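> What follows is a structure written as structure tokens; I'll ask about it next.
Nothing in this text is a laboratory measurement; each read-out follows from the coordinates by a stated rule. Predicted model, so just to flag it, every value in this text is computed and none were measured. Quick reminder, even Gly has a Cβ in these numbers, built from the backbone with ideal geometry, and neighbours come from all protein chains shown.
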Amino acid sequence: MRRLAVAAIFVAIASTTAQATEPVLPNAVATPGAINPAVTQANIASTICTLGFTKKIRPPVTYTTALKKHQLRTAPYSAYGSTNTKLFEEDHLISLELGGNPTNPKNLWPEPWTSAREKDKLENALHAMVCAHQITLKDAQSQIATNWYTAYQAYVAKTK
């Protein structure tokens, strides 16, 4: 019995270590992404490509923290095994700078900080490309919502 307990602890530590270095994707059913209907390809110059736009629409931290606490207590995100909000960023799957919906829970998820910085780099790269008309808004939104890490590898990791 003791060997089994030691083995279980080893597996738990190994999986935690692996998760710390691997990207974390949101649950596609709970967080498929949602767009802001006020942002379109036709108006990006006056919305997402205007400095300060996201500050105007970003939800208050009271809203995102309450949602994060709820998500961490309920499936599927309760599978993280922690309700410590400091370990997670309540992230917009489709970022505000790419026309993501600011308050729709289908666009917000508790992202472990281990992945958040990489995803932020992708959001910045896609935003620059959309505003330079190198990629459409719809394409950027689709790529980040489908699998942000695949897009990260295509647009960010290859430029390192």
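> Output the number of residues of segment 70-94 satisfying the condition of being assigned to a helix (DSSP H, G or I) and either surrounded by 20 or more Cβ atoms within 10 Å (Cβ to Cβ) or within 16 Å of the chain's Cα centre (by Cα) (or both).
7
> Test Ile144 against the stated conditions and say whether it is within 17 Å of Tyr155 (Cβ to Cβ), in contact with a strand residue (DSSP E or B) (Cβ under 8 Å, 6 or more places away or on another chain) and touching a residue at least 40 places away in the same chain (Cβ under 8 Å).
Values: within 17 Å of Tyr155 (Cβ to Cβ): yes; in contact with a strand residue (DSSP E or B) (Cβ under 8 Å, 6 or more places away or on another chain): no; touching a residue at least 40 places away in the same chain (Cβ under 8 Å): yes.
In short, no.
> If you go through segment 126-153, how many residues are outside any loop (DSSP other than H, G, I, E, B) and either closer than 22 Å to Ala42 by Cβ or not polar (S, T, N, Q) (or both)?
Selection size over segment 126-153: 19.
> With Glu111, Glu123, Glu118, Glu97 as the choices, which residue is in a strand (DSSP E or B) and in contact with a helix residue (DSSP H, G or I) (Cβ under 9 Å, 6 or more places away or on another chain)?
The match here is Glu111.
> Which condition does Asp139 not pass, out of (1) within 14 Å of the chain's Cα centre (by Cα); (2) surrounded by fewer than 17 Cβ atoms within 10 Å (Cβ to Cβ); (3) acidic (Asp, Glu), if it passes all the others?
It is condition (1) that Asp139 fails.
> Now, a different point. Could you tell me whether segment 113-133 includes any residue that is closer than 19 Å to Ala28 by Cβ, free of Cβ contacts under 8 Å to residues at least 12 places away in the same chain and either of a type in the set (Gly, Ala, Ser) or out of contact with any strand residue (DSSP E or B) (no Cβ under 8 Å at 6 or more places or on another chain) (or both)?
no
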